[in-house]
Amino acid sequence: MNPSEPTAVELPSQDPSTLSELEREVSRRRTFAIISHPDAGKTTLTEKLLLYAGAIELAGAVRGRKARRHATSDWMALEQERGISITAAALEFELEGRRMSLLDTPGHKDFSEDTYRALIAADSVVMVIDAANGVEDQTRKLFEVCRRHRLPILTFINKLDRPSRDPLELLDDLEKTLGIAAAPVNWPIGSAENFRGVYDIPRSHLLLYEREAQGQFRAPVDISSLDDPAARDLIGENVYAHFRENLDVIGGAGTPYDTAAYRAGGQTPVFFGSALTNFGLEPFLRALVELAPSPQPRSSHEGTVAPTEERFTGFVFKIQANMDPRHRDRVAFVRVCSGRFTKDMAVLNSRVGKPIRASRAYRFFGRERETISVAYAGDIIGLVNPGQFAIGDTLHSGAPVRFLDLPRFPAEHFGRVRLQDQRHKQFDDGLQQLEEEGLMQVFFTAGGRREPIVGVVGALQFDVIASRLRTEYSVEVVIEPTSYAAARWLADPAQAIPSLGGGAAVATDRQERRLILFASKWEVEYFERQHPAVKLLEESPIAV
Ligand SMILES: Nc1nc2c(ncn2[C@@H]2O[C@H](COP(=O)(O)OP(=O)(O)OP(=O)(O)O)[C@@H](O)[C@H]2O)c(=O)[nH]1
Ligand SMILES: [Mg+2]
């Protein structure tokens, strides 16, 4: 799905009282994803945004002593144990009259399929950069996806409280590595132990901060004029001189902020700060409210769907089981693309055709959920899913529509799952539900259904599968690596499979479609050369 092929639009800035209820609700929504290389501080920034928005009272930590509160968006047991994000979390909150929907995504490449899907559900992106490392590999890859979808990007350069690269050099890195114009909106004053705060360029305001105990509470904000001698004294002569020099450089040769260029993905407004110590968060939050676009039109096979169209449309971009240990249900996360969703509405699934009554719908705040009776374009809602929805499904009322397919990554790692106890039913349910989430693909070889092979994009997912089977299904498994490295489906299911050499094997997936597991990409190519009449597919249709 390409959310932004149609040109970006803003609702006409007319007197709000002349807008319909739908137009008013849509225009106040902001749906965005936070992305970056692992460890840049996405979850920490998310937590602080929630704190500043008043959505939580106390910020939790990503890694912390046992008794301490955990970050809201890292709600899964394994996330808390390892201090990394594993699955994209949705958080909805109100801020200055706006309804914000935030997706905190995992940075690790092994979980990037989940991150890509979250990106497609968003209208804009916050890109976090570690000030010591600049643009890192995974950020570059995710940036390319944003560029393809023409998603507007705000950049937050984080961890200025630690030894950092020079801010001018960091801007240069953004421009050179990513090929996007970088327009600084604020500028850091000092770094590491000399980090004093940020200068808000368009407002000519100095925001100085005091470090506080563990950055747990709101930072005090003190605003004064740049030329105030008191400011110079506060900052310290050395830091002040360097900072003024930098400002002269960007004043002369820097990219000025331009709304149209930002909205078109041609430039990224840049903010500096430190999520952990709360420095520079208010200007960033304000920008998010003021600059980020409202819900955008979406491409479908039937043409562009405008968010303010009366007909309800949306698509499933994520499925997650067992979020709430009390309910143990499966939730399909739906990005509402147009119109109004109402509780008990009969929605059509374009893949299935028959209507489903959506009797229970939720909005999410990490693991927490709240029942809703109405939702509008831009919202991310959860529908309880006893197996009717699959990732990529289009849901709608009224005339048929189908949004473009979500990307699917081919599995590259294959492990044999060996059940260590007798809990066969739970084992089967667990595998099926985790497969439904898109965490893995399950294959059955001649070895039988008790020891299936799971294919994943990244090897860390083996740990996630074993841990979740244990905590959510009380099943002990061992996943042993196999020598397979690629799966290919037969385009013609009836075709005979020639005898296979080397390390290849015939298998079936859950829908009994036949495929071949190969030991290497090279082996796939060799097979294709030897048997040009047998057409192989890299992807199966999205698992149902
Ligand atoms: N010094 C300092 N540390 C920070 C800052 N922001 C985050 N961190 C630390 O950096 C580590 C990673 O932070 P996270 O927020 O988990 O990073 P992430 O980008 O969400 O990581 P993944 O989700 O695993 O990709 C944690 O130990 C944080 O406490 C900051 O501004 N300053
Ligand atoms: Mg995280």
**Prompt:** How much of the DSSP beta bridge set in the chain is antiparallel, as a percent to the nearest 5?
**Reply:** 75 percent
**Request:** Name the long-range amide H neighbours of Asp329: under 5 Å, sequence gap of 5 or more, or other chain; modelled H, no Pro or chain starts.
**Result:** Asn322, Met323, Asp324
**Prompt:** Once you have the alpha carbon radius of gyration of segment 255-361, what is it after dividing by 2.2 N^0.38 Å, with N set to its residue count?
**Reply:** 1.48
**Request:** Take the alpha carbon gyration tensor of segment 259-310, find the square roots of its eigenvalues, order them as a ≥ b ≥ c, and report rounded if a/c is under 1.5; if not, report prolate when a/b exceeds b/c, else oblate.
**Result:** prolate
**Message:** Probe of 1.4 angstrom, ligands and nucleic acids ignored: what's the accessible area per residue over segment 302-369, in square angstrom?
**Reply:** 41 Å²
**Message:** Compute the distance from the alpha-carbon center of segment 57-126 to that of segment 256-324, in whole Å.
**Reply:** 15 Å
**Rounded to the nearest 20 debye, dipole of the chain from Cβ charges on Lys, Arg, Asp, Glu** = 1640 debye
**Request:** For the chain, just the Cα set please: Rg and Dmax, both in angstrom.
**Result:** 24.8, 84
**Asked** If you take all C-alpha pairs in segment 445-533, what percent of them are over 22 Å apart?
**Response** 35 percent
**Area accessible to solvent at Ser299, 1.4 Å probe radius, in Å²** = 10 Å²
**Prompt:** With a ≥ b ≥ c the root eigenvalues of the C-alpha gyration tensor of segment 70-166, is it rounded (a/c under 1.5), prolate (a/b larger than b/c) or oblate?
**Reply:** rounded
**Asked** Are any of the pairs Lys109/Lys176; Lys42/Lys521; Lys48/Lys318 more than 31 Å apart by Cα-Cα distance, and if so, which?
**Response** Lys42/Lys521
**Message:** Less than 13 Å Cβ to Cβ from Thr313, Lys/Arg counted +1 and Asp/Glu -1: what total charge do the surrounding residues give?
**Reply:** 0
**Fill in**
With the 1.4 Å probe rolled over protein heavy atoms, segment 26-175 has an accessible area per residue in Å² of 32 Å²
**Prompt:** HN-Hα J couplings of segment 177-182 from phi, Karplus 6.51/-1.76/1.60, θ = phi - 60°, integer Hz, Gly and Pro as x?
**Reply:** 6, 9, x, 10, 5, 10
**Message:** Using the Karplus curve 6.51 cos²θ - 1.76 cosθ + 1.60 with θ = phi - 60°, what ³J(HN,Hα) values do you get for each residue of segment 480-485, in whole Hz, with x for Gly and Pro?
**Reply:** 9, x, 10, 8, 6, 9
**Fill in**
Rg/Rh over Cα atoms for segment 374-426, Kirkwood Rh, comes to 1.12
**Request:** Evaluate the charge dipole of segment 281-331 about its Cα centre and quote only its size in Debye, nearest 20, assuming +1 on the Cβ of each Lys and Arg and -1 on the Cβ of each Asp and Glu.
**Result:** 300 debye
**Request:** Using amide H atoms built 1.01 Å from N in the peptide plane, name the residues 5+ places from Ala182, or on other chains, whose amide H lies under 5 Å from its own.
**Result:** Thr268
**Item:** Reference-scaled alpha-carbon Rg (2.2 N^0.38 Å with N residues) for segment 302-357
**Value:** 1.31
**Message:** Give me a comma-separated list of calculated 3J(HN,Hα) values for segment 356-373, in order, Karplus coefficients 6.51, -1.76, 1.60 applied at θ = phi - 60°, integers in Hz, x for any Gly or Pro.
**Reply:** 10, 8, 8, 7, 10, 10, 10, 10, 10, 9, x, 7, 6, 9, 9, 5, 10, 10
**Request:** Send over the Kirkwood Rh of segment 446-496, from the inverse of the averaged 1/r over different Cα pairs, rounded to one decimal Å.
**Result:** 13.2 Å
**Prompt:** Expressed as a whole percentage, what fraction of the accessible surface of the chain belongs to carbon and sulfur atoms when a 1.4 Å probe is rolled over the protein heavy atoms?
**Reply:** 50 percent
**Message:** Please state the shape class of segment 366-509: rounded when a/c is under 1.5, otherwise prolate if a/b exceeds b/c and oblate if not, all from the C-alpha gyration tensor.
**Reply:** oblate
**Item:** With DNA, RNA and ligands ignored, accessible area of Lys425 (1.4 Å probe; Å², nearest 10)
**Value:** 130 Å²
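The values are calculated or read from the model by the stated rules, or taken from the named source; none is laboratory data. Here the structure is a predicted model, which means the values were calculated and not measured. Ideal geometry is used to build each Cβ from the backbone, glycine not excepted, and the neighbour counts take in all protein chains shown. For accessibility, only protein heavy atoms count, side chains too; no ligands or nucleic acids. Shrake-Rupley method; radii C 1.70, N 1.55, O 1.52, S 1.80 Å.
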